[in-house]
Amino acid sequence: MEAETWVCGLLADYRGLIGEGCVGLDRERGVIAAISKSPPPGARAMDYRSRGVLVIPGLVDLHVHLRGLGYSYKETPRSGGWAAASAGITLVVDMPNTQPPSDEPGAVEAKLGELASQCPVDHGLYAGVPERPELVGGLASTPVAGFKVYPRDLASRREALQAILSLRGMLVVLHPEAPWARRGDLQESPASRESHRPCWLEAHAVLDLASLGGRARIHVTHASCPGTVEASRALGFTVDVTPHHLHWSLHTLGDPCLGKVNPPLRGHPDVWGLWRALLEGRVDALASDHAPHAEREKLGDPLACPPGFPWLELWPWLVFRLVRLGILGLREFLWLTSRGPALVLGLRHYGTLEQGARANVVVLDPKPWRRFPGPRHSLARLTPALMERLAGAPLAVLVGGDPVYVDGELAGRGRPVNPFASRARASGVRGGGDT
Ligand SMILES: [Zn+2]
């Protein structure tokens with residue numbers, strides 16, 4: 001390994017502040033080749049030492065919707081990928097409710113091809129549960145991160161689901177809502193949606209999946225209720241929460257379309273319980289569930305407007321406010337946004353500043369307070385987070401050792417990878433093995 005680019009500042013990762021020094025990046029292999037006090041004489045260095053600037057691992061978002069293909073009017077891997085890069089997120093994993101759905105091998109290959117050709121950051125894709133169980137083997141042999149289970153799958157695709165759960169080590173990500181939660185047939189204010197999709201339906205879905213047994217690794221995503229976090233942990237599953245279920249309640253974001261998300265925003269006691277679970281270290285990761293839609297869709301009929309928030313350009317820095325306010329430690333922040341999600345995905349070489357780790361690095365100025373002026377890269381322009389106060393600002397973002405975002409501007413696409421492809425080649429294990 002040979003370091004060609006050096007990035008210097010206050011090094012920090014999930015272990016906390018490491019100290020002032022430099023990471024040497026091997027761009028050819030896309031890994032951290034060396035850690036040192038200072039760069040070798042004459043070396044190419046981005047030197048931020050003595051400026052109070054942090055050098056941290058790139059952030060990981062294990063639940064995004066980059067749309068593309070038939071939904072390219074909502075978002076594309078290019079626009080969503082640049083939104084991620086601008087926020088210091090250097091690995092995103094895309095969901096399979098695409099058009100066409102990524103639940104058969106041909107559609108998965110098409111979606112992976114689109115991601116590879118457009119996305120400027122490292123990327124992965126979950127496969128959907130197929131209608132026909134005989135497709136499970138073919139899907140599992142594609143380089144996917146794992147499978148995503150929707151409420152519908154718990155009701156009508158149980159045979160295929162059972163085949164997936166039988167795959168040892170396969171990552172299975174659950175959307176925890178019972179299939180019979182009422183949807184779309186009510187005048188859906190956030191309060192009415194919350195009362196018709198209550199917390200116990202979330203826990204029920206977790207227990208239902210657990211009842212199927214198997215040898216897969218289960219991850220419960222966007223838990224919106226403290227009971228879901230506890231049930232997941234009790235069953236040995238990993239669990240993430242979203243920034244929006246922490247940041248808003250059904251009382252603070254009452255707009256029927258802007259505040260519409262699945263699972264719904266909750267009342268204050270559940271929001272407080274979720275906070276407690278997060279701050280007491282019982283949550284494995286934060287994940288955005290970035291779900292972009294066209295303005296005309298979100299501004300439409302509250303009975304028909306699609307659920308979801310666009311988040312990729314800002315969510316880590318909304319959370320970083322907690323670090324600035326002394327509520328959350330830097331170490332815990334970096335666990336929740338980088339190392340934790342990497343381990344959920346089975347990627348030990350992500351989310352850490354160690355020799356041999358993936359050379360995804362963010363230079364972060366932790367000092368500024370700023371307002372979110374609206375999306376610059378995402379196609380989803382309509383966001384309830386407009387003018388939200390954010391803390392910290394990424395100064396430079398590197399993917400595989402290549403600068404992709406510097407001083408607020410795109411710096412080039414670099415050489416992003418699908419880490420699940422190299423893992424599949426290396427080990428023959430997919431969707432939950434280790435490297
Ligand atoms: Zn989602």
Item to complete: Of the conditions (1) of a type outside the set (Phe, Trp, Tyr); (2) in a helix (DSSP H, G or I); (3) within 25 Å of the chain's Cα centre (by Cα); (4) buried (at least 22 other Cβ atoms within 10 Å of the Cβ), Ala160 clears all except one; give me its number.
Response: (3)
Practice prompt. Could you tell me which of the residues Gly326, Gly340 is without any contact (Cβ under 8 Å) to a residue 24 or more places away in the chain, under 24 Å from Ala277 (Cβ atoms) and not hydrophobic (A, V, I, L, M, F, W, C)?
Written response: Gly326
Worksheet item: Just checking, which of Pro100, Pro41, Pro77 is out of contact with any strand residue (DSSP E or B) (no Cβ under 9 Å at 6 or more places or on another chain), at pLDDT 95 or above and not β-branched (Val, Ile, Thr)?
Response: Pro100
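Out of Ala85, Ala45, report the one residue that is touching a residue at least 24 places away in the same chain (Cβ under 8 Å), more than 17 Å from Arg381 (Cβ to Cβ), assigned to a helix (DSSP H, G or I) and not polar (S, T, N, Q).
On the way: Ala45 fails: assigned to a helix (DSSP H, G or I).
After applying the criteria, what remains is Ala85.
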Practice prompt. Just give me the residues in the stretch 211-243 being of a type in the set (Asp, Glu) and within 16 Å of the ligand (Cβ to nearest atom), in sequence order.
Written response: Asp240
Worksheet item: Just one of the numbered conditions (1) buried (at least 19 other Cβ atoms within 10 Å of the Cβ); (2) touching a residue at least 60 places away in the same chain (Cβ under 8 Å); (3) assigned to a loop (DSSP other than H, G, I, E, B) is not true of Gly169; which one?
Response: (1)
Response to the item:
Residue pairs qualifying under the 7 Å Cβ cut-off, at least six apart or on distinct chains, with the first in the stretch 406-431 being part of a loop (DSSP other than H, G, I, E, B) and surrounded by fewer than 16 Cβ atoms within 10 Å (Cβ to Cβ) and the second being at pLDDT 85 or above and hydrophobic (A, V, I, L, M, F, W, C), are Asp407/Leu395; Gly412/Val404
Discussion item. I'm checking my understanding of the structure. Among residues of the stretch 48-65 that are more than 16 Å from the ligand (Cβ to nearest atom) and part of a loop (DSSP other than H, G, I, E, B), which one is nearest to Val362 (Cα to Cα)?
Written reply: Gly58
Practice prompt. Look at the stretch 244-271 and say how many of its residues are within 21 Å of Leu303 (Cβ to Cβ), surrounded by fewer than 21 Cβ atoms within 10 Å (Cβ to Cβ) and either of a type outside the set (A, V, I, L, M, F, W, C) or within 16 Å of the ligand (Cβ to nearest atom) (or both).
Written response: 4
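The values are calculated or read from the model by the stated rules, or taken from the named source; none is laboratory data. Please read all numbers here as calculations on a predicted model, not as lab measurements. Every residue, glycine among them, receives a Cβ derived from its backbone with ideal geometry; neighbour counts consider all protein chains shown.
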